[in-house]
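Notes to accompany the following structure.
The values are calculated or read from the model by the stated rules, or taken from the named source; none is laboratory data. This structure is a prediction, so every number in the text was calculated from the model and none was measured. In this analysis, Cβ positions are derived from the backbone assuming ideal geometry, glycine residues included, and neighbour counts consider all displayed protein chains. Each accessible area value is taken on the protein alone, full model and side chains, heavy atoms only, with ligands, DNA and RNA left out. Shrake-Rupley method; radii C 1.70, N 1.55, O 1.52, S 1.80 Å.
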Amino acid sequence: MANSWFQVGFVLTTGINSAYVLGYSGTVMVPLGWIGGTVGLLLATALSLYANILVAKLHEFGGKRHIRYRDLAGHVYGRKIYSLTWALQYVNLFMINTGYIILAGQALKAVYVLLRDDHTLKLPYFIAMAGFVCAIFAFAIPHLSALGFWLGFSTAFSLIYIISAIVLSFQNGMDAPPRDYDVPGSSGSKIFTTIGAAANLVFAFNTGMLPEIQATVKQPVVENMKKALYFQFTVGVLPMYAVTFMGYWAFGSSTSSYLLNSISGPAWVKIMANLAAFLQTVIALHIFASPMYEYLDTKYGRSRGNAFSFHNLTFRILVRGGYLTVNTLVAALLPFLGDFMSLTGAFSTFPLTFILANHMYLVVKRNKLTTLQKLWHWLNVTVFSIMSAAAAIAALRLIIVDSKTYHFFADL
């Protein structure tokens with residue numbers, strides 16, 4: 001059944017206000033400061049809206065609808081780019097899901113510390129628990145349309161941790177002495193952290209699966225998708241802005257990459273907010289893992305009939321369990337959330353959302369564009385290609401530095 005533009009806009013808004021919003025005060029504002037962070041967030045919002053609208057406009061051309069990003073790229077460029085886009089999408093989703101498991105582990109650890117501050121259990125243990133819960137959820141929900149009422153729960157959980165984070169940050173900020181808002185680090189390291197933060201900015205707004213979402217929109221598809229995107233990038237970004245700015249205002253350059261670790265307040269509120277962040281993350285991961293689940297189901301032969309038949313349930317346990325085991329192992333091995341955001345932004349968000357979007361639009365519409373418009377799109381392709389390469393180098397350097405500082409399976 002096709003969805004209204006408002007329903008799709010609401011899903012997109014839920015996506016950008018996932019538990020990742022609890023990280024942006026520390027991973028965007030701290031390395032960029034007030035001016036750089038604010039200008040960067042506004043610029044990333046505008047550029048992401050523009051790039052997503054370009055992709056939305058290409059949904060119907062060549063006499064057919066393109067319901068997958070890789071199908072769209074394949075139609076424009078051919079088989080090789082179809083495969084490359086497919087690979088970029090799945091790398092993108094794998095890294096987003098790895099970040100979700102890190103977040104879920106941090107939320108569980110925060111609850112544990114509030115209840116029993118004995119530090120017996122370390123972060124990798126909680127990441128393993130989070131991966132296990134995500135796997136149980138993946139076995140129980142056979143396909144995306146079976147989420148149903150869980151989407152409503154997801155929204156409720158988001159409201160709990162967003163409101164808790166904003167209110168407690170405000171209270172903490174009012175009670176705190178003047179904060180230090182200087183960008184930390186040496187002049188050399190600041191270059192890399194600034195580039196990494198730029199990748200975090202584009203990561204914040206983009207899913208890398210817009211055509212797949214657009215496939216569910218009612219006719220007229222392009223106009224309705226544009227309405228959904230306008231909603232996402234105006235009303236939808238406000239909660240994210242509020243959490244990001246309030247957290248940085250309250251704690252300055254000492255803000256944690258997981259905001260709920262910085263705030264102080266009633267234990268029951270913090271426990272409730274962390275549990276809400278954990279549960280929302282489990283649901284969000286399932287949404288972002290669903291394209292991989294769909295591929296594995298199709299490739300390795302899920303049988304028809306009852307989704308909970310012995311064959312189908314066993315299949316899900318083995319295949320989805322295997323996929324999430326790899327996700328969880330990587331998350332526990334390198335639990336550096338900000339670095340994973342940067343890496344995802346560099347390797348997949350920049351190429352999928354900005355470079356491909358502009359170049360595909362250029363190729364498809366080349367006979368209708370003026371010389372100035374063509375130059376504009378080529379400028380976008382060039383600038384974002386340079387930024388993607390620079391961000392990849394910066395993100396890999398950050399991971400290497402953090403690995404040396406904290407070692408593998410770090411307890412952050």
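Here is how the numbers come out for the structure above:
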{"read-out": "The range 221-275, residues that are part of a helix (DSSP H, G or I), in contact (Cβ under 8 Å) with a residue 60 or more places away in the chain and among the aromatic types (Phe, Trp, Tyr)", "value": "230, 231, 241, 245, 248, 249, 251"}
{"read-out": "One residue from 233, 205 being closer than 21 Å to residue 348 by Cα, of a type in the set (Phe, Trp, Tyr) and buried (at least 24 other Cβ atoms within 10 Å of the Cβ)", "value": "205"}
{"read-out": "Output for the range 208-220, where each listed residue is open to solvent by 40 Å² or more (accessible area, probe 1.4 Å) and in a helix (DSSP H, G or I)", "value": "212"}
{"read-out": "Unique residue being surrounded by fewer than 17 Cβ atoms within 10 Å (Cβ to Cβ), part of a helix (DSSP H, G or I) and touching a residue at least 40 places away in the same chain (Cβ under 8 Å) when the list is 383, 363", "value": "363"}
{"read-out": "Selected residue (criterion: surrounded by the most Cβ atoms within 10 Å (Cβ to Cβ)) from residues of the range 159-189 that are over 24 Å from the mean Cα position of the chain (by Cα) and of a type in the set (S, T, N, Q)", "value": "172"}
{"read-out": "Candidates 165, 130 - the one that is in a helix (DSSP H, G or I) and under 21 Å from residue 288 (Cα atoms)", "value": "130"}
{"read-out": "Of all residues making up the range 36-54, the number that are open to solvent by 70 Å² or more (accessible area, probe 1.4 Å) and closer than 21 Å to residue 8 by Cα", "value": "1"}
{"read-out": "Cβ pairs under 7 Å, 6+ apart, first in the range 124-135 and closer than 13 Å to residue 97 by Cβ, second open to solvent by less than 10 Å² (accessible area, probe 1.4 Å) and basic (Lys, Arg)", "value": "135/320"}
{"read-out": "Any hit, the range 318-337, residues being in a helix (DSSP H, G or I), at pLDDT below 85 and buried (at least 18 other Cβ atoms within 10 Å of the Cβ)", "value": "yes"}
{"read-out": "Selection status of residue 26, of a type outside the set (A, V, I, L, M, F, W, C), farther than 24 Å from residue 152 by Cα, in a helix (DSSP H, G or I) and within 17 Å of the chain's Cα centre (by Cα)", "value": "yes"}
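So that you can scan it fast, the table gives a plain yes or no per residue for (1) buried (at least 17 other Cβ atoms within 10 Å of the Cβ); (2) under 14 Å from the mean Cα position of the chain (by Cα); (3) assigned to a loop (DSSP other than H, G, I, E, B); (4) at positive phi:
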| site | (1), (2), (3), (4) |
| --- | --- |
| 34 | no, no, no, no |
| 56 | yes, no, no, no |
| 73 | yes, no, no, no |
| 82 | yes, no, no, no |
| 100 | yes, yes, no, no |
| 104 | yes, yes, no, no |
| 108 | yes, no, no, no |
| 124 | yes, no, no, no |
